[in-house]
1. Taking residue 116 as the residue in question, decide whether it is under 25 Å from residue 163 (Cβ atoms) and touching a helix residue (DSSP H, G or I) at 6+ places or on another chain (Cβ under 6 Å).
2. Report the residue count in the range 145-192 for those that are under 29 Å from residue 15 (Cβ atoms) and outside any helix (DSSP H, G or I).
3. Have a look at 20, 44 and point out the one that is modelled with pLDDT of 70 or more and touching a helix residue (DSSP H, G or I) at 6+ places or on another chain (Cβ under 6 Å).
4. Restricting to the range 76-101, name every residue that is surrounded by fewer than 14 Cβ atoms within 10 Å (Cβ to Cβ), in a helix (DSSP H, G or I) and in contact with a helix residue (DSSP H, G or I) (Cβ under 8 Å, 6 or more places away or on another chain).
5. If residue 104 satisfies all but one of (1) in contact with a helix residue (DSSP H, G or I) (Cβ under 9 Å, 6 or more places away or on another chain); (2) in a loop (DSSP other than H, G, I, E, B), what's the number of the condition it fails?
6. From the residues in the range 48-74 that are surrounded by 14 or more Cβ atoms within 10 Å (Cβ to Cβ) and more than 16 Å from the chain's Cα centre (by Cα), which one is modelled with the highest pLDDT?
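The values are calculated or read from the model by the stated rules, or taken from the named source; none is laboratory data. On a predicted model such as this, the values are computed, not experimentally measured, just so you know. Cβ coordinates were reconstructed from backbone atoms using ideal geometry, including for glycine residues, and neighbour counts include every protein chain displayed.
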């Protein structure tokens, strides 16, 4: 039975946040944000997009090394079962286009692909966190100063790592949302 990991992750995040606050024995002051500047945000998103591409490719290589051989075997099993059906249908057209063997082979391949996607996401998250720990961070670029804000830095690492794990398509979607928002603001300002 598959368990839901969300409550566990949430609990870990809350405990980590409380631990950071207790270790500092002070709740940090609020942060002051920089003004929104289109070129700065576009540059930040462009860098995140580029780094996400590197993370994606790293994950692809790792998954290829770890999981590809078994995927090939399962895909071949599906092909063999389909070939059996095709050959039988050439002899007798009344033979159904599916068989228990084909369904089993397809189910095994589907389960394997789902497990591979889950593994790939975990690997991407770990790599994203490591890259963020190394200094590639998104939220820190948006605030004036992060000195003494250990919790903010931890959240920045978590958020940036998650964004990078989501891949370049997710960063591209963020860029589109930001661009559409800025265009709407400009249109509204012109109409007033």
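1. Considered against the rule, which asks whether it is under 25 Å from residue 163 (Cβ atoms) and touching a helix residue (DSSP H, G or I) at 6+ places or on another chain (Cβ under 6 Å), residue 116 comes out as yes.
2. 6
3. 44
4. The one that is surrounded by fewer than 14 Cβ atoms within 10 Å (Cβ to Cβ), in a helix (DSSP H, G or I) and in contact with a helix residue (DSSP H, G or I) (Cβ under 8 Å, 6 or more places away or on another chain): 80.
5. (2)
6. Among residues in the range 48-74 that are surrounded by 14 or more Cβ atoms within 10 Å (Cβ to Cβ) and more than 16 Å from the chain's Cα centre (by Cα), the one modelled with the highest pLDDT is 74.
Conditions (1) more than 30 Å from the chain's Cα centre (by Cα); (2) without any contact (Cβ under 8 Å) to a residue 24 or more places away in the chain, marked per residue:
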residue	(1), (2)
95	yes, yes
110	no, yes
116	no, no
139	no, yes
